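Beneath this line is the structure, given in structure tokens, with notes to follow.
Computed from the coordinates by the stated procedures, all read-outs in this text should not be read as laboratory data. Every value quoted in this text rests on a predicted model; they were computed, and no experiment measured them.
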Amino acid sequence: MLTNVLVLPLDRPQHRILLGLKKTGFGAGKYVGFGGKLEPGETLVMAAIRELWEESHLAAKPHNLWYAARLEFVFPASPDWNRLVHVFRLEFWDGEPEESSEIRPQWFGLDTLPLDQMWADVPYWLPQVLQGVRPMLRITYNQDSRTVGLVEALEQNQ
């Protein structure tokens, strides 16, 4: 199972979240957070900072990343898509978002998320993250790899 990181920049004063329209690769055509795979020797925080910079040109400091969720995604019809995702919330950063070759950043109001253009699992965990809850979930997709079949809470020590 791949290990990934995901960063969600939140602008609390403006009640908005920065997402990106994925232009290439896994999740192309969907609005997503900023993240990806760990490089050899990287910690989760190092990978989160690097991926955020590569995809949005926002610079984060380690102490500003808040561990927000642990999500296991299972795709029975496409096992190579299975992944463990560590989600970080970020409320302080340097720079302005810029488009990269992989993602076009866009701000959304917290009450106007483009859920119909995001992965089907998002409603199961993002509202909790925005409320400060740390979900730990296993999300199993159906055979179509587009709809969610099962959501299970994980034990703290998994």
>> Give me the extension gain from H63 to R104: residue separation times 0.36 nm, minus the current Cα-Cα distance, reported in nm with one decimal.
In response: 12.2 nm
>> Apply the a/c threshold of 1.5 to the C-alpha gyration tensor of the range 18-107 and tell me whether it is rounded, prolate or oblate.
In response: oblate
> If one computes the Cα centroid of the range 1-58 and of the range 86-158, what distance in Å separates the two points?
Replying inline: 10
> Under the rule of -39500 (n - 2.57) per DSSP H run of 4 or more residues, summed and divided by the residues of the chain, what mean residue ellipticity at 222 nm is obtained, to the nearest 500 deg cm²/dmol?
Replying inline: -4000 deg cm²/dmol
> How far, in degrees from 0 to 90, does helix 44-56 lean away from the longest principal axis of the Cα atoms of the chain, to the nearest 10?
Replying inline: 70
> By the gyration tensor of its Cα atoms, with a ≥ b ≥ c the square roots of the eigenvalues, what is the shape of the range 1-67: rounded for a/c under 1.5, prolate for a/b over b/c, or oblate?
Replying inline: oblate
>> Could you derive backbone 3J(HN,Hα) for the range 146-151 from the dihedral phi with the Karplus parameters 6.51, -1.76 and 1.60 (θ = phi - 60°), listing whole Hz in sequence and x where the residue is Gly or Pro?
In response: 10, 10, 8, x, 8, 10
> Dividing the Cα radius of gyration by the Kirkwood radius, what Rg/Rh value follows for the chain?
Replying inline: 0.93
> In terms of Cα to Cα distance under 18 Å, which lysines are near enough to K22, apart from those fewer than 8 places away along the same chain?
Replying inline: K30, K37
> In percent, how large is the relative contact order of the range 2-153, given Cα pairs closer than 8 Å and 6 or more residues apart?
Replying inline: 28
